[in-house]
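Laboratory data are not the source of any read-out in this text; all were calculated from the coordinates shown. Here the structure is a predicted model, which is why all the values come from computation and not from measurement. Here the Cβ positions follow ideal geometry from the backbone for every residue, glycine too, while neighbour counts run over all protein chains shown.
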Amino acid sequence: MNPVARYTRWLHTGFPAGTVEPLPEIGDDGSTAVPGLYVAGDLRGIPLLKFAADSGARVVRTIAGDPRFRGRERDPAVVDLLIVGGGVSGMAAALEAKRAGIDAVVLESSEPFATVVNFPKGKPIFVYPTAMKPAGTLQVTAKVKEPLVQELERQIDDAGIAVRIGKAERVERQEGRLVTTTEAGESIVAHRVLLAIGRAGAHRRLGVPGEARDRVYDRLHDPADFTGQNVLVVGGGDAAVETALALDGAGARVTLAHRGTDLARPKPESLEALAASTVDLRLETEVEAIEERAVVLRGETIENDAVFAMIGRLPATDLLRRSGVAIRGDRPLAWWLSLAAILAAAAFVYNWKAGGALHALFERKGWFPAGLPGAFGSPGFWYSLAYTLCVVAFGFRRMAKRRTPYVKRQTLTLMAIQIVPLFLLPYFILPWMGHHGWFDGGLGKTIADQLFPETTWDPSGREYWRAFGFLLAWPLFIWNVFSAKPLALWLAISFVQTFVLIPWMVHRWGKGAYCGWICSCGALAETLGDAHRGKMPHGPRWNLLNMTGQVVLAAAFVLALLRIVSWIVPGSLTARAFDVSVHGYMWTVDVGLAGILGVGLYFHLSGRTWCRFACPLAALMHVYARFSSFRILADKKKCISCNVCTSVCHQGIDVMSFAQRGRPMNDPQCVRCSACVESCPTGVLQFGRVSATGALISVDSLWASPVVARERSAPTSSSRTPSSTS
């Protein structure tokens, strides 16, 4: 491996790079882009029975409280609410609808609670969170499959909930109502439709010869049916391990084959039971063929009576797409058209702000107000004003949505920094001081000449815009270092910031101490970009693109070298080369990457596109972060592999891969935004520090996880052992 490849792997590509499952884009209340169509249950992204029941009941409460629904025209041929799916979420919705006096119909493709019914015989059910009581009347308390099914069915029978058997093909909006068409050609007209079809669609296939044989199964009903047989279980998740253990306990001779190098996803207690069993575990092994009475595993043929392909299921998104529900990660024509429009608008704004052709056109045509005093006459002022207003307005929205002490303190800090040192200081405070003679003589003038040189082109008389450099360090803000003549004070400040203070901060609190708590780019990303964080692409190819920032960082260092030579030899070829290069850097990096793409991609690829891929200061901090003690700690016992933590990371980090293994997350991309910690439904994650030897140093006292905060504050929390559900 060449040095560049080794460096790339050490810095980025050596970290996990899992992808995100395509789920529907839905609002907090379960609503979709199709008016009147809602989604509840596992499709919300959290595969927990209590959350499924809670979401179903809450959607019905939202519908019942909608003034347009309350004022609906009564028609015997139109159902108030059609619930597609008779699982826990759908039935919770049906019970809530009955309580609210809403005429509801449940449409189920097989049988009520089919997912639970199809669990293996005697399967343990882990209901978490233990202290949670779902909204509505459907409750989940039983901890074994059979009692759970009885408990659920009894609640439905007692309420008199009837189920119509049929499979929905699509939902269409017609004349203000929703028409659901079934596979049988039946049409059901409703005022509102709730899709509670579950997250899992068709079972994944092995894709090997012989897979269609009758002895290949995708679920286990009764382990006793296979007593004394040679059974192969394929997979590396909870379902595969639990299936292997159930078969082993029933007296089957079991081989468990997994293509990975370890079993990261199963619960610790399952792995302990596996280690104590007689199951023949074969890692880094794939099935090559399934023969009449044998299977071929990587060239080895072993006797076999039955195969269980427990490798998961495909996302149940076909019905959603046919019904017009947007799926995360899809790129239809409308997506590309809206992206082009927003990028064009961003190009317009940043060309005007940077003094390009559009700025000259505005001045020539008189389209920009003339004669405004001081900084009010500059595009930079109006841009900074709009930027600050966005940070403040969307900051309040973020705090209202994510009610944790961490988010509140972080957001208020970002807002304060953006308002005072990055807006009021350069545009009001410093000009006021200059107007009142603070910089006219003595020490004040000496310092001001080094920090804010006098100029004829700036309406304020001095370059007060350089005050951005107090917070925005080189090479994010390059102009204080790349000035026409060396400003010794700025050079000293920039050096201390970039090579002393920031490395210390990153070592202590991680890269996010700057990116998530100080930087203006991060301020806009965490406020305006908060609602779009789930749109960041994930995967190995995108992780490789992270190295773009290293290229930009190298360019910044080359420019620094050229600038130094130009100071030493004024008028040299180096000076002319610098002028040309820095002009190209400004339009390519500052305007193109940081401005047009960085902001223009907020609504399509998340607000951290610039921060993740191209920011040169972030690229430098990635190197610092490889030696940081900051970690996101994971409690493997609580992890249910729902992938919520990864899906909300707008830095593209595969957080779940760390959590599944119980390993502290040390990916240098982390900006400490807390979204993964705050969104985890089982409280797996916490911020903390780990020594170079792997010993725990500390856990943050400022809680970012609402689940952990509730557990720590509850008087009986020490006796609880949270577990996941199947």
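For Leu256, the residues 5 or more places off, or on other chains, whose built amide H falls under 5 Å of its own are Val233, Asp280, Leu281, Arg282.
Can you tell me the relative contact order of the stretch 560-651? Whole percent, Cα pairs under 8 Å, sequence separation 6 or more. Provide the component values of the computation, followed by the final result.
Numbers: 42 pairs, mean separation 15.6, N = 92.
Across the stretch 560-651, relative contact order equals 17 percent.
A viscosity of 1.002 mPa s and a temperature of 20 °C, combined with the Kirkwood radius over Cα pairs in Stokes-Einstein, give a translational diffusion coefficient for the stretch 1-160 of 120 µm²/s. Evaluated at q = 0.16, 0.21 Å⁻¹, a Debye calculation over the C-alpha positions of the stretch 211-333 (equal weights, vacuum) places log10 I(q)/I(0) at -0.76, -1.13.
Place a label point 7 angstrom from the Cα of Asp318 along the Cα-to-Cβ direction, then list the residues of the stretch 92-118 whose backbone nitrogen is under 16 Å away. Within reach of a label on Asp318: 109-110.
Kindly provide the helix-only [θ] at 222 nm of the chain, computed as the sum of -39,500 (n - 2.57) over DSSP H runs of four or more divided by all residues, to the nearest 500 deg cm²/dmol?
Numbers: 29 runs with 278 residues, N = 726.
The helix-only estimate for the chain comes to -11000 deg cm²/dmol at 222 nm.
Just for the chain, what percent of DSSP beta bridges are antiparallel, to the closest 5? Approximately 50 percent, going by the DSSP bridge assignments.
Taking N as the number of residues in the stretch 546-699, what is its alpha-carbon radius of gyration divided by 2.2 N^0.38 Å? All intermediate terms of the calculation are to be shown ahead of the outcome.
Numbers: Rg = 19.9 Å, N = 154, 2.2 N^0.38 = 14.9 Å.
Its radius of gyration relative to the 2.2 N^0.38 Å reference: 1.33.
A cut-off of 5 Å between modelled amide H atoms, ignoring neighbours fewer than 5 places along the same chain, links Ala289 with Val296.
Residue-wise HN-Hα couplings along the stretch 599-609, as the Karplus relation 6.51 cos²θ - 1.76 cosθ + 1.60 with θ = phi - 60° gives them from phi, are 8, x, 9, 3, 8, 10, 10, 6, x, 9, 4 Hz; Gly and Pro carry x. Cross-link check: pairs Lys133/Lys167; Lys50/Lys133; Lys121/Lys143; Lys123/Lys143 evaluated at a Cα-Cα cut-off of 19 Å; pairs beyond the cut-off: Lys133/Lys167. Across all Cα pairs in the stretch 493-543, the calculated P(r) in 10 Å bins from zero up to the longest distance comes to 22, 36, 33, 9 percent per bin.
Which helices of the chain meet both criteria: a Cα extent of 20 Å or more along the helical axis and a mean Kyte-Doolittle score no lower than 1.6, with helices taken as whole DSSP H segments? Walk me through the numbers on the way to the answer.
Details: long enough: 49-64 (23 Å, 0.52); 145-159 (22 Å, -1.09); 333-353 (30 Å, 1.29); 379-401 (33 Å, 0.60); 405-419 (21 Å, 0.32); 548-568 (31 Å, 1.91).
What comes out of the filter, once short or polar helices are dropped, is 548-568.
Of the Cα atoms belonging to the stretch 136-223, the radius of gyration and Dmax stand at 18.6, 52 Å.
Computed from the Cβ-Cβ distance with R0 of 56 Å, the FRET efficiency linking Glu291 to Thr456 stands at 0.05.
Starting from the coordinates of the alpha-carbon atoms of the stretch 472-625, obtain the Kirkwood hydrodynamic radius over all distinct pairs and give the value in Å to one decimal. Walk me through the numbers before you get to the answer.
Working: mean 1/r = 0.0612 Å⁻¹.
Taking the inverse mean of 1/r over all distinct Cα pairs, the stretch 472-625 comes out at 16.3 Å.
Taken one residue at a time, the phi angles of the stretch 297-303 give Karplus couplings (6.51, -1.76, 1.60, θ = phi - 60°) of 10, 6, x, 9, 9, 10, 5 Hz. Gly and Pro are set to x. Over every pair of different alpha-carbon atoms in the stretch 650-698, take the mean of 1/r and invert it; report that Kirkwood radius in Å. After inverting the pairwise mean of 1/r, the radius is 11.7 Å.
With θ taken as phi - 60° and the Karplus curve 6.51 cos²θ - 1.76 cosθ + 1.60 applied, the whole-hertz 3J(HN,Hα) list for the stretch 655-672 is 4, 4, 4, 6, 5, 4, 8, x, 8, x, 6, 10, 5, x, 6, 4, 10, 6 Hz, x standing for glycine and proline. Cross-link partners among aspartates and glutamates for Lys267, C-alpha distance below 14 Å, same-chain residues fewer than 8 apart left out? Straight-distance partners of Lys267: Asp238, Glu242, Asp635. By the beta carbon rule, with partners counted only under 4.7 Å, the chain holds these lone Cys residues: Cys390, Cys515, Cys519, Cys521, Cys611, Cys615, Cys639, Cys642, Cys649, Cys670, Cys673, Cys680. In whole percent, what relative contact order does the chain give with Cα contacts below 8 Å and a gap of six or more residues? It comes to 14 percent, rounded to a whole number.
Using the eigenvalues of the Cα gyration tensor, what equivalent ellipsoid semi-axes result for the stretch 123-274 when each is taken as the square root of five times the eigenvalue, whole Å, largest first?
Working: eigenvalues 260, 108, 51 Å².
Taking √(5λ) for each eigenvalue gives 36, 23, 16 Å, largest first.
First obtain the Kirkwood hydrodynamic radius of the chain from its Cα pairs, then insert it into the Stokes-Einstein equation at 4 °C and 1.567 mPa s, and state the resulting D in µm² per second as a whole number. Stokes-Einstein gives a translational diffusion coefficient of 45 µm²/s. For the pair the stretch 34-91 / the stretch 607-664, the C-alpha centres are spaced 34 Å from each other.
Quote the relative contact order of the stretch 80-235 in percent (integer), defining contacts as alpha-carbon pairs under 8 Å separated by 6+ residues. Present the calculation step by step, with values, prior to reporting the outcome.
Working: 218 pairs, mean separation 44.6, N = 156.
That works out to 29 percent.
Here, the stretch 71-194 has an Rg and a Dmax of 15.9, 49 Å when only alpha carbons are counted. The stretch 631-671: D in µm²/s via Stokes-Einstein (Kirkwood Rh, Cα pairs, 25 °C, 0.890 mPa s)? Here the translational diffusion coefficient equals 242 µm²/s.
When the expected Rg is taken as 2.2 N^0.38 Å, what fraction or multiple of it is the alpha-carbon Rg of the stretch 473-515? Don't jump to the answer; show the numbers that get you there.
On the way: Rg = 11.5 Å, N = 43, 2.2 N^0.38 = 9.2 Å.
That works out to 1.26 for the stretch 473-515.
Each part gets one Cα centre, and for the stretch 435-472 versus the stretch 306-323 those centres are 64 Å apart.
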